[in-house]
Amino acid sequence: MLSTNKQDLLNLPIKDFIISSEKVAHVQIGNSAEHALLVLTRTGYSSVPVLDVKYRLKGLLSIKMITESILGLERIEYDRLESIRVDDVMEHEVAYLQITDTFKRALDLVINHAFLCVIDEEGTFMGIMTRRVILKQLKRYIYQLET
Ligand code: AMP
């Protein structure tokens, strides 16, 4: 989608730019840290959304959060992974977007986050908006200004 005017770009609805939930790797709050580490390692993502059984967004989980939780004094205690649950180590307070938000709000928030989770009015996870997608739109807009 092209926008020739700054306000048009800032007012674009984010729903046109999200990676939809079916394509987003996630873990569930009750999963073990072992399972979550497998998901993160296999997908290659440094962090993924955490959802509950009703598909509502509950937080984010990264490899760093898991490894920090099993750091012993002299060794990494891998044997503890099975007994730690995702909700013991995840980040609960996360920045997110509502599906009705505009590109401007996404731009403001994405400065500090590689991606943002998108939810609907009931808190149901709809997908993510990545910094990559936002930068692509900005690049198209800036290059258009030059022509
Ligand atoms: P990217 O813009 O593709 O580099 O993605 C930035 C970050 O967004 C990744 O490191 C992941 O944490 C997250 N991400 C992107 N795509 C997905 C996906 N399909 N499933 C889960 N997380 C994703």
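Residue 48: assigned to a helix (DSSP H, G or I), under 27 Å from residue 133 (Cβ atoms), among the hydrophobic types (A, V, I, L, M, F, W, C) and within 16 Å of the ligand (Cβ to nearest atom), yes or no?
For residue 48, the condition - assigned to a helix (DSSP H, G or I), under 27 Å from residue 133 (Cβ atoms), among the hydrophobic types (A, V, I, L, M, F, W, C) and within 16 Å of the ligand (Cβ to nearest atom) - is not met.
So in the range 108-129, with the set limited to residues that are touching a residue at least 40 places away in the same chain (Cβ under 8 Å) and surrounded by fewer than 18 Cβ atoms within 10 Å (Cβ to Cβ), which one is farthest from the ligand (Cβ to nearest atom)?
Result: 122.
I need a count of the residues in the range 70-91 that are under 14 Å from residue 27 (Cβ atoms) and in contact with a helix residue (DSSP H, G or I) (Cβ under 6 Å, 6 or more places away or on another chain).
Residues in the range 70-91 being under 14 Å from residue 27 (Cβ atoms) and in contact with a helix residue (DSSP H, G or I) (Cβ under 6 Å, 6 or more places away or on another chain): 4 in total.
Among the numbered criteria (1) among the β-branched types (Val, Ile, Thr); (2) part of a helix (DSSP H, G or I); (3) more than 11 Å from the ligand (Cβ to nearest atom), which single criterion is violated by residue 39?
So residue 39 meets the others, but not (3).
Give the range 33-50 a look and list any residue that's under 18 Å from residue 84 (Cβ atoms) and among the polar types (S, T, N, Q), or say none.
41, 47, listed by residue number.
So residue 59 clears everything in (1) within 12 Å of the ligand (Cβ to nearest atom); (2) buried (at least 16 other Cβ atoms within 10 Å of the Cβ) except one condition, right? Which one?
Status for residue 59: all satisfied but (1).
Select from the range 24-36 the residues that are assigned to a loop (DSSP other than H, G, I, E, B) and aliphatic (A, V, I, L, M) and write down the one among them that is farthest from the ligand (Cβ to nearest atom).
Restricting attention to the range 24-36, the residues satisfying the condition of being assigned to a loop (DSSP other than H, G, I, E, B) are 24-26, 29-31.
With aliphatic (A, V, I, L, M) added as a condition, the list becomes 24-25, 29.
Working: 24: 4, 25: 4, 29: 16 Å.
Among those that are assigned to a loop (DSSP other than H, G, I, E, B) and aliphatic (A, V, I, L, M), it is 29.
Filter the range 37-85 down to the residues that are within 22 Å of residue 21 (Cα to Cα) and in contact with a Lys or Arg (Cβ under 9 Å, 6 or more places away or on another chain) and list them by number.
Within the range 37-85, 46, 47, 49, 50, 51, 52 qualify.
Can you find a residue in the range 66-83 that is at pLDDT 95 or above, within 16 Å of the ligand (Cβ to nearest atom) and in contact with a Ser or Thr (Cβ under 8 Å, 6 or more places away or on another chain)?
no
Among the residues of the range 2-23 satisfying the criterion of being without any contact (Cβ under 8 Å) to a residue 24 or more places away in the chain and either under 16 Å from the mean Cα position of the chain (by Cα) or not in a helix (DSSP H, G or I) (or both), which is farthest from residue 59 (Cα to Cα)?
5
The values are calculated or read from the model by the stated rules, or taken from the named source; none is laboratory data. Everything numeric here is computed off the predicted structure, so don't read it as measured data. Cβ atoms come from the backbone with ideal geometry, glycine included; neighbour counts cover every protein chain shown.
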